[in-house]
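Encoded as structure tokens, the structure appears first; notes follow it.
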Amino acid sequence: MLFLFRQLRDTFGQSYSKKEQIRLSRRAFFQLLGYLGGCVMISLAAQSKYIE
């Protein structure tokens, strides 16, 4: 399993320049934060319905 991740990382590294890798990594990170934030908001909205 670790070999697969290493191979994917090497392929990613060869496909993009260092600057592009940083840009894509940041974009993916902020998309993940947005997704998790949306999950939290939906969860809070669902809980508030049952609290009242």
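Which residues, counting only those in region 1-29, are surrounded by 10 or more Cβ atoms within 10 Å (Cβ to Cβ) and either in contact with a helix residue (DSSP H, G or I) (Cβ under 6 Å, 6 or more places away or on another chain) or of a type in the set (Phe, Trp, Tyr) (or both)?
PHE12, TYR16, PHE29
Looking at (1) over 19 Å from the mean Cα position of the chain (by Cα); (2) at pLDDT 85 or above, which one does SER48 not meet, given that it meets all the others?
It is condition (2) that SER48 fails.
Any residue in region 22-33 that is closer than 17 Å to ARG9 by Cβ sitting within a Cβ distance under 7 Å of a residue that is surrounded by 11 or more Cβ atoms within 10 Å (Cβ to Cβ)? List the pairs, counting only those 6 or more apart or interchain.
From residues that are closer than 17 Å to ARG9 by Cβ, the pairs are LEU24/TYR16.
The values are calculated or read from the model by the stated rules, or taken from the named source; none is laboratory data. Keep in mind the model is a prediction, meaning the values are calculated, not measured. Because the Cβ atoms are built from the backbone with ideal geometry, glycine has one as well, and the counts that use them run over all protein chains shown.
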